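Written out below as structure tokens is the structure these notes cover.
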Amino acid sequence: SFGSALALETALRLGPQVRSLTLHAAFAHLPLTVFERAAASVLRWMPGRMQSTPLWRGLQERGHRLWFPPIDPTRWLFYLDNAGQTPVAELARRFGMLSRFDARSRFDQLVTPTLLLQVEGEGETQARWRDELAARLLNARTEFLHTTGLLAFLTHPHRLAKLIREFVCPTAAMSS
């Protein structure tokens, strides 16, 4: 995710000023195929928003809808509206930026306590990237969030907040 790359880069640059780090769908390097690089280059000039691209809504339904609680349809509608408003060109530009991100040679600089999130529904590639981070970061811990899907911050924000709170303030979590 773009946010995880930004958080990891920030922690690497600021060092001990960052007290803790939580990463989801994170990676140290995103190698793109020739097709992916070409698509990102072309789509940087495409007008419109994601919701207007063919098949977008169907892909969102297949990839994410299952994990949203059926008792609160407003979360799903919020996600569709919010993600659908993303300009295609902006998404392609960010994707292209991610292809240039490579933190692998700087792992020894990061001693910040890092929580790596594993979620039910993640793909094999994301699992491989997370496992690489877990093995190479000096102070990392992995926690599993079942039945949340890739958008845990929307599908089950209370569980995600509790997990982060316990990681950031373990003594406060024990007393509550």
Positions within segment 76-93 being within 18 Å of F153 (Cβ to Cβ), open to solvent by 60 Å² or more (accessible area, probe 1.4 Å) and either part of a loop (DSSP other than H, G, I, E, B) or not acidic (D, E) (or both), in sequence order: L77, F78, N82, Q85
Selection from segment 57-75 of residues that are closer than 15 Å to G149 by Cα, free of Cβ contacts under 8 Å to residues at least 12 places away in the same chain and not acidic (D, E): L59, R62, R65, P70
So which pairs qualify, if the first residue must be in segment 20-47 and over 19 Å from T125 (Cα atoms), the second must be of a type in the set (S, T, Y) and open to solvent by 40 Å² or more (accessible area, probe 1.4 Å), the Cβ gap must be under 9 Å, and the two must be at least 6 apart or on different chains? L21/T10
Could you pull out the residue among L115, L163, L150 that is under 26 Å from A83 (Cα atoms), surrounded by fewer than 21 Cβ atoms within 10 Å (Cβ to Cβ) and touching a Gly at 6+ places or on another chain (Cβ under 7 Å)? L150
For segment 130-147 the number of residues that are open to solvent by 50 Å² or more (accessible area, probe 1.4 Å) and not charged (D, E, K, R) is 7
Would it be correct to say that R44 is farther than 16 Å from F153 by Cβ, in contact with a helix residue (DSSP H, G or I) (Cβ under 8 Å, 6 or more places away or on another chain) and open to solvent by 90 Å² or more (accessible area, probe 1.4 Å)? yes
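The values are calculated or read from the model by the stated rules, or taken from the named source; none is laboratory data. Treat the numbers as computed from the prediction; the structure is a model and nothing was measured. Please note: Cβ atoms are built from the backbone with ideal geometry, for glycine as well, and neighbour counts cover all protein chains shown. When the accessible area is computed, the model is the full protein with side chains, heavy atoms only, and any ligands, DNA or RNA have been set aside. Shrake-Rupley method; radii C 1.70, N 1.55, O 1.52, S 1.80 Å.
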